[in-house]
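Visitor: A single structure is presented below for examination.
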Amino acid sequence: MVIKVGIVSLGCPKNEVDAELLAGFLKQSGYSIVDVAANADVIIVNTCGFINAAKQESIDTILNLARLRKRNAPPYILVAGCLSQRYGRELLQEMDEIDGVMGTNEVASVAQVVDRVLSGERVLAVGAENSFHQDHRVRDRLHYSPTAYVKVAEGCVNCCSYCAIPDIRGPFRSRPVDPIISEVEGLVRTGVKEIIMVAQETTRYGLDLYDEYKLTELLRRSAAVDGLKWLRFLYSYPTSVTEDLIKVIAEDSKICNYIDLPLQHASNAILSRMNRRGSKEDILHLIDKLRASIPNLTLRTTFIVGFPGETEADFQELLEFMGRVKFERAGVFAYSAEEGTPAASMPDQVPEDIKQAREKEAMLLQQEISDANNRLKIGQEVEVLVEGFDEIQGRYYGRTAADAPEIDGQVFFSANRVVAPGELVPVRINQADEYDLTGELVL
Ligand code: SF4
């Protein structure tokens, strides 16, 4: 009898890649991957453990799935991902609903872990050793999409004072270039049109392995893959954005003129409390260079407000900075104290109501900026990567090269012919709001 395994993946694109590796290794060992609800024998919950809200979502997901079954009967529940890497032993002790826990370094041995769970063992497989599966050719896509993430490295060495990732995922480790190129070629052969390269600090790619930054080479070689239409990367760090990288983005038409540059704040006092490299002046200098070098650049960033010690003056400095730079895309998050991080025990914690008020005020400012940017697109013809058809609204949807999936806006459009997911089509924009665009297919 073939054992059916269902996988639920939470959190970031890097976790999504891990989930597809889990699926590939299980298939390689004779398991079949099914939709979770389709009476799976084993359900793997690939959790996120980044911030409190994500941890809560992971625990709620486990409890909801556990309600699907009677005690000690299928589906067995195996917890994987960052939450189990961080709290594996506690989860097993405190949650009877769980039949096994495995860490982020055990991805390649998932089949053995499932074997043990099926044999009735309550498994704790969380190794400290920072292994990192390099060869992703085993990866099995969980659902079709014209877009695929490619994880080019694991871990982080930056130690931002509010972040637990280095403790969870270990130090920064790049994958070699060739296996990544093979993975890109393999994904494009399955019909993928857009590749998004991700890591904790993607712009640091190669430094640990080759003693030099290698993202430029990786992008150049990936962009040369026939059939690939769009190539982008997320999670840049200001101090590791090189001249070569800026040049390759500006020159290669397949590489989206899109830079995701999480900055977290603009006040030098707060940046140093966050243990972030690069001053506000350095960042402004970089942004001026990016805007001057890359035509029609879409600049995305994220900010944390309410960080311990943030004064009203620091916050006003951030608003002034946002108003000056006018990021095309920006997310603002209220600081959330992460257990075990230096920032969590810092003095001058900001009261919750002030945090929420600052998050709201900064997001309102960003909505105005984004709305003004989007209104400039009315009357323009934009290229859209089709992602699907919304039955309820009776219209297609997709994204422009200026929009990353899940975090940015969408384009909704009518068409007088059937268009398929993965097609790149011209759409004339006739409406815009602060996030999304609306239009019609150009004949
Ligand atoms: S760069 Fe900073 S915030 Fe990002 S993963 Fe590394 S330590 Fe965390």
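Just so it is clear, none of the values below were taken in a lab; they were calculated from the coordinates. Keep in mind the model is a prediction, meaning the values are calculated, not measured. FYI the Cβ positions are ideal-geometry reconstructions off the backbone, even for glycines, and counts take in every protein chain you see.
Visitor: About the Cα centre of the stretch 4-125, how large is the charge dipole given +1 on each Lys and Arg Cβ and -1 on each Asp and Glu Cβ? Please answer in debye to the nearest 20.
Guide: Rounded to the nearest 20 debye, it is 160 debye.
Visitor: A further question follows. Which percentage, to the nearest 5, of the DSSP beta bridges contained in the chain is antiparallel?
Guide: Here the antiparallel bridges make up roughly 30 percent for the chain.
Visitor: If you don't mind, there's one more thing I want to ask. If I model a spin label at T190 and E57 as a point 7 Å from the Cα along the Cα→Cβ vector, what separation in nanometres do I get?
Guide: 2.3
Visitor: Let me ask you something else. At most 15 other Cβ atoms within 10 Å plus a DSSP loop assignment makes a site exposed; report the longest stretch of the chain without any exposed chymotrypsin sites (Phe, Trp or Tyr not before Pro).
Guide: Within the chain, the longest run free of exposed chymotrypsin sites (Phe, Trp or Tyr not before Pro) spans 145-434.
Visitor: If you filter the stretch 377-407 for GluC sites (Glu not before Pro), then keep DSSP loop positions with at most 14 other Cβ within 10 Å, what is left? Intermediate results must be reported in sequence, preceding the final value.
Guide: Numbers: sites: E381, E383, E387, E391, E406; in loops: E391, E406.
Of the GluC sites (Glu not before Pro), the ones in loops of the stretch 377-407 whose Cβ has at most 14 other Cβ atoms within 10 Å are E391, E406.
Visitor: Taking the Cα centre of the chain as origin and charging only Cβ (+1 Lys, Arg; -1 Asp, Glu), how large is the dipole, in debye to the nearest 20?
Guide: 780
Visitor: Still on this model: Summarise the long-distance tail of P(r) for the chain by giving the % of C-alpha pairs beyond 41 Å. Could the numbers behind the result be given before it?
Guide: Details: 17338 of 97903 pairs.
So the pairs more than 41 Å apart make up 18 percent of the total in the chain.
Visitor: Another question about this same structure. In whole angstrom, how far apart do the alpha carbon centroids of the stretch 7-66 and the stretch 316-394 sit?
Guide: Centre-to-centre (Cα) distance: 28 Å.
Visitor: Mean 1/r over all different Cα pairs, inverted: what Kirkwood radius does the stretch 4-125 give, in Å?
Guide: 13.8
Visitor: Taking a temperature of 4 °C and a viscosity of 1.567 mPa s, what whole-number D in µm²/s does Stokes-Einstein yield for the stretch 345-442 with Rh from Kirkwood over alpha carbon pairs?
Guide: Value of D from the Cα-based Kirkwood radius: 86 µm²/s.
Visitor: Connecting C-alpha atoms closer than 10 Å in a GNM of the chain, tell me which of L284, L261, L78 has the biggest fluctuation.
Guide: Ranking L284, L261, L78 by mean-square fluctuation puts L284 first.
Visitor: Okay, moving on. Cα centroids of the stretch 190-209 and the stretch 271-310: how far apart, whole angstrom?
Guide: Between the Cα centres of the stretch 190-209 and the stretch 271-310 lies a distance of 21 Å.
Visitor: Counting each DSSP H run of 4 or more residues in the chain as -39500 (n - 2.57), what helix-only mean residue ellipticity at 222 nm follows after dividing by all residues, to the nearest 500 deg cm²/dmol?
Guide: -10500 deg cm²/dmol
Visitor: Counting DSSP beta bridges with both partners in the stretch 284-433, what percentage is antiparallel, nearest 5?
Guide: Roughly 70 percent of the DSSP beta bridges within the stretch 284-433 come out antiparallel.
Visitor: Can I ask one more? Please identify the cysteines of the chain that lack any partner cysteine with a Cβ under 4.7 Å from their own Cβ.
Guide: Lone cysteines by the Cβ rule: C12, C48, C82, C156, C159, C256.
Visitor: In addition: Per Stokes-Einstein, at 37 °C and 0.692 mPa s, what whole-number D in µm² s⁻¹ belongs to the stretch 210-340, with the Kirkwood radius over Cα pairs as the hydrodynamic radius?
Guide: The estimated diffusion coefficient comes to 205 µm²/s.
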